[in-house]
Amino acid sequence: MREAPADGNHPRVTSELEELFAFLRFPSISTDSQHAGDVRACAEWLLAKLADMGLSSELHTTPKHPVVIARNAHLPGRRTVLVYGHYDVQPVDPIHLWTSNPFQPEIRDGRIWARGATDNKGQMLAHVLGVGKTLRESGELPVNMIFLFEGEEEIGSPNLTAFLHDHRAALACDVIAVSDTGMVAPGVPTLSYGLRGITCCEAILRGPKGDLHSGIFGGAVANPAAAIARLVASLHTPDGRVAIHGFYDAVRPLEDWERALWSQVPGVSDADFLRVTGAPALFGEPGYASAERVWARPTAEVNGIGGGYQGEGSKTVLPAEAFVKLSFRLVPDQNPADILTKVKHHLARHCPPGVGIEVTCGHDGKPYLTDPHSPYGRAAQAALRTAFHAEPVLIREGGSVPIVQTFRDILGADTLLLGLALPDAQIHAPNENFPVANFDAGIRLNQALLVELAK
Ligand code: BES
Ligand code: ZN
């Protein structure tokens, strides 16, 4: 432990921060098999931390990355609260855009800079340390507690559904709490009552058997890179709606009360979206504000596209193939499997002549919607109020945490989404960061939440 003056660049380094730093130093990148050992080492560190707090802790091996479970002694007559989080992180590329090493956390301007600082190590460790603090202060918790931490969230939780099925008796709970979503602005406590779902796929268009000289053959055979551009263009109407037949069939319309509520939420006006994104202009489905487009409307996104020469200067080649990686964000009551079927039909029907198409499915997750005014929702709002000394705002989220609806399906419990991610946290991007103030607030939030949920 080190004591230093508490200013922006030299905050007091508490043992809690030291623990977060140790957690952040593991490059637990779930998508990269080269980091499988680091993911496991990170899980083992977590396991030791939880055991050290006196919780009965287990590491469960899965076909990919481990699940860590910890619990206190469960007493009859107390509420059972499950806290979920993920200790895996996204890759760090492009690495040259990081100001400091993503796995050597640093504090600058009152923020912790590291991959996973916000998504999700900082937020999930705040829950763990909140419980640790209550245990130190009171000797016990007011609830039966289950921690469930996975190492595969960033790759779509491929093994967690089976794990929940297999352990559903041990994981039975009244309510679930997750801090893996956003906060609209610094100091504005945010309860999210919805998440978008997702379905992903990749299309490869194949033309000639190998790359061709574009002068010798161009004009005589279709160019897969040009074809993929036309195929991608077919996904939207020029004004920004998704042009896939039946895509909007199951979409539940936005409620009037939500529109009224959201128009009052700070930090999410169109001007805020312009500022945070740095885009030259906003663009999206007509008839909706930016926050509405992101929180309550489905989309089709191109996450990656490629084919042909990518190097310096020009190279007159007609590429043999081209690819596009697509994801679709879904809202209630769209179903990922149904949407994927519609997407496949669309891609097959709109594939330009002269190329072959192959579509591979990726991961998916259902959308989630709950009532922020339920008794548990009100308890969450009370805890947010206590932790932040401010009135919480109620929003939905554009991002996805696919396991949340699966919790409801398998465990029969609703999830309270108590996010601490700021709009400029740069999650999934270079220079991810998490304010020290949010980390501290997260610890207080967990403590207040357990008190409120016990009532
Ligand atoms: N924490 C995010 C989701 C998130 C971020 C929700 C900010 C709301 C606000 C989570 O780790 C994530 O990135 N999820 C992925 C899921 C996908 C890989 C299945 C996503 O949303 O892209
Ligand atoms: Zn993420």
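Nothing in this text is a laboratory measurement; each read-out follows from the coordinates by a stated rule. Remember, it's a predicted structure, so these values are computed and weren't measured experimentally. Here Cβ is always computed from backbone atoms with ideal geometry, including for glycine, and neighbour counts include all displayed protein chains.
Out of the residues in the range 94-133 that are within 16 Å of ligand 1 (Cβ to nearest atom) and of a type in the set (D, E, K, R), state the one that is farthest from ARG408 (Cα to Cα). That would be ARG115. Of all residues in the range 348-401, exactly one satisfies the criterion of being farther than 12 Å from LEU417 by Cα and aromatic (Phe, Trp, Tyr), namely PHE388.
Quick check: is even one residue across the range 127-148 within 16 Å of ligand 2 (Cβ to nearest atom) and buried (at least 17 other Cβ atoms within 10 Å of the Cβ)? No, the range 127-148 contains no residue that is within 16 Å of ligand 2 (Cβ to nearest atom) and buried (at least 17 other Cβ atoms within 10 Å of the Cβ). Residues in the range 93-108 include none that are within 16 Å of ligand 2 (Cβ to nearest atom), of a type in the set (Ser, Thr, Tyr) and touching a residue at least 24 places away in the same chain (Cβ under 8 Å). Only one of the numbered conditions (1) in contact with a helix residue (DSSP H, G or I) (Cβ under 8 Å, 6 or more places away or on another chain); (2) surrounded by fewer than 19 Cβ atoms within 10 Å (Cβ to Cβ); (3) more than 27 Å from GLY399 (Cβ to Cβ) is violated by ALA222, and that is (1). When every residue of the range 268-280 is checked against the conditions, none turns out to be closer than 30 Å to PRO208 by Cβ and not in a helix (DSSP H, G or I). So for the range 178-188 (the condition being away from ligand 2 (no atom under 16 Å from the Cβ), among the hydrophobic types (A, V, I, L, M, F, W, C), surrounded by fewer than 21 Cβ atoms within 10 Å (Cβ to Cβ) and free of Cβ contacts under 8 Å to residues at least 40 places away in the same chain), does at least one residue qualify? No, because not a single residue in the range 178-188 is away from ligand 2 (no atom under 16 Å from the Cβ), among the hydrophobic types (A, V, I, L, M, F, W, C), surrounded by fewer than 21 Cβ atoms within 10 Å (Cβ to Cβ) and free of Cβ contacts under 8 Å to residues at least 40 places away in the same chain. Looking at the structure I just gave you, is THR118 crowded, with 24+ Cβ neighbours inside 10 Å, of a type in the set (Val, Ile, Thr) and assigned to a helix (DSSP H, G or I)? Yes: the conditions hold for THR118.
Take the conditions (1) in contact with a Lys or Arg (Cβ under 6 Å, 6 or more places away or on another chain); (2) assigned to a loop (DSSP other than H, G, I, E, B); (3) crowded, with 18+ Cβ neighbours inside 10 Å; PRO372 misses just one of them, which is (1).
Scanning the range 175-215 for residues that are farther than 22 Å from VAL451 by Cα, in a loop (DSSP other than H, G, I, E, B) and in contact with a helix residue (DSSP H, G or I) (Cβ under 6 Å, 6 or more places away or on another chain) returns a single hit, GLY207. Scanning the range 15-63 for residues that are of a type in the set (Asp, Glu) and part of a helix (DSSP H, G or I), we see that the one that is farthest from the chain's Cα centre (by Cα) is ASP52. Restricting attention to the range 142-167 and to residues that are charged (D, E, K, R) and either free of Cβ contacts under 8 Å to residues at least 40 places away in the same chain or in a loop (DSSP other than H, G, I, E, B) (or both), the residue that is nearest to HIS428 (Cα to Cα) turns out to be GLU152.
A single entry from ASP338, ASP409, ASP424 fulfils the requirement of being surrounded by fewer than 17 Cβ atoms within 10 Å (Cβ to Cβ), in a loop (DSSP other than H, G, I, E, B) and not β-branched (Val, Ile, Thr): ASP424. Here LEU422 fulfils each of the conditions (1) within 16 Å of ligand 2 (Cβ to nearest atom); (2) at positive phi apart from (2).
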